[in-house]
1. Measure up Lys122/Lys175; Lys45/Lys122; Lys91/Lys128 against 24 Å on the Cα-Cα distance and list the ones that go over.
2. Any chance you could run the full-extension gain for Asp214 through Ser30? It's 0.36 nm times the residue separation minus the Cα-Cα distance, nm to one decimal.
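No lab work stands behind these numbers, since they all come straight from the coordinates. It should be emphasised that the depicted structure is a prediction, and the values quoted were computed from it without experimental measurement.
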Amino acid sequence: MFDTMNENQPTTDFSGYIRSRARVQNLSMSQLAQYSKISRQTLYKIMKGDTEAKISTMIRLASVLQMHPLDLLRAFFGNRTLPFGTMASAKYLSDATGFIEDVTIPDNMRVWVNQPFLKSWKIQNTGKIPWVDRALLCTDEQVQLRFAPEVDLAFKPPTQERRLLPTQSSIPIPKTLPGQTVQLSVEYIAPSYPGTQISYWKMVDESGEFCFPDLEGLSCQVQVIAI
């Protein structure tokens, strides 16, 4: 049975906060415990503050609740209002982002040469301003080769075939309010040659400028294999 707490009702303790977040995800306490790989008894002890929770447990719990682990820890350690943060390197004041998880294609997953696949990340707006008219931009370096005049120009080195190729260089980010999570997906085609490949993406605003210039951003790293 799901909790009957009003989603908009302010929570006054960690237990209430957990129940409210679970209700948003349509999860019972039993399901929350199961998906977080803990017993229901342990979950209730954590909610009541009767036990010291491991960081790994809190990370799994936050993942199931689709929130950033730092927000869950703020609540656990007594900050009931859960204020969101800001990043010193952000372009906009009170803007911040947090990585939640790789939804598909974890780092170093094996893919076949020429295989199409979908990479998905889940991130959270951990700042105080909404994300509007933003996009995720591929920042992979474009390699350009120069040839001496005597080189046969009919020869084309397989530079392109050795990189991960996204089907588009940017994808739109849906409007995301503070505290909300969003899943972003990119379609790739694996290169024709085996090896370790990595691709980088960063958030940009409507003018194409980086929202978080000093952050590495999101990445997709795979092991391309052939028979």
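1. On the way: Lys122/Lys175 14 Å; Lys45/Lys122 28 Å; Lys91/Lys128 13 Å.
The answer is Lys45/Lys122.
2. Values: separation 184, 0.36 × 184 = 66.24 nm, distance 4.09 nm.
Fully extending the segment from Asp214 to Ser30 adds 62.2 nm.
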